[in-house]
Every structure is written in C-alpha cells, then in structure tokens.
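Shown next, in structure tokens, is the structure this report addresses.
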Amino acid sequence: MLSSLYSSSQIAGGLIIGALSDLGYLSRRRILFLSFIGSAVSYAMIVAGSLPYLVFSRVCVGLVKQTMTVSTSLLAKCTTEKDRAGEFFNSVIFPTLCFSSFSSDFLLIHSY
C-alpha cells in the first residue's frame, strides 16, 4: 500500500513539477531545493511514529522527490554528448551503488 502511494505520488509530482518548470515558475535549482527540503520534512514525519504520519510522509516525499530527473537533465545540459555516459556513471550510478552497498552492509552488521 505504501509503495503504491509513493509511486503514484511520484508520478503526479513529476508531472506537476515538470509542468511548473516548463512554464518557467521553477528552475532546476529550485526544484532540487524543493526536493531536498520536502524530503527532509517528510522523513522527519516518520519519526513521529504513527501510521497516518507515515502514510502522509510517503505521499509528500513522492510528490517532491524529483532529484534523479533534475540531475539527469542537468547532466544533459552541462556535458557534451560524447562525455555524457561517463559523467552520468561517475556522478549518479557509481555513488548510488557504493552507498547502497555500504548501507546494506551497515544494516546487516547492526541489525543484531
């Protein structure tokens, strides 16, 4: 249920934020700022510990979490076509793989 709410709100948020960006109301920088602040507030709501806060948090973070889309568009704008694949790997994929590996190892070690 939470995954469905998150996915649905991420699609809706992408469409809304994309439309606002296309109309000139939001720049890429402001979208990233909105994503970071909205995600921080949403994740802080999880600490409250109740189910309604958890559900509301997942909907909110889905609506504002557009960092991957904006990062990809910024890379496309700031790199040449020849260098784009390497830059995308170095700045997005490699750190994601390292962090996910580190976090899963950390959770495995500290879960007992």
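All of the numbers you see were taken from the coordinates with simple rules; none came from a lab. Predicted model, so just to flag it, every value in this text is computed and none were measured. When we count neighbours, we look across all protein chains shown, and the Cβ atoms used for this are built from the backbone with ideal geometry, even at glycine.
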### Task
For the stretch 2-67, take the alpha-carbon Rg, divide it by the Kirkwood Rh, and send me Rg/Rh.
1.02
### Query
What FRET efficiency would be calculated for the residue pair F36, S3, taking the C-beta separation as r and a Förster radius of 30 Å, to the nearest 0.05?
0.85
### Message
In the stretch 11-84, if the dipole is taken from +1 on Lys/Arg beta carbons and -1 on Asp/Glu beta carbons about the Cα centre, which of G13, T72, V61 is farthest to the positive end?
### Response
T72
### Query
Say R0 is 22 Å: what FRET efficiency, to the nearest 0.05, do E81 and D22 get from their beta-carbon distance?
0.45
#### Entry: Loop chymotrypsin sites (Phe, Trp or Tyr not before Pro), the stretch 1-60 (other Cβ atoms within 10 Å of the site Cβ: 11 or fewer; DSSP)
Y25
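Pick out, in residue order, every one of the trypsin sites (Lys or Arg not before Pro) in the stretch 21-85 that is DSSP loop and has at most 16 other C-beta atoms within 10 Å; say none if there are none.
Loop-located and lightly packed - K82.
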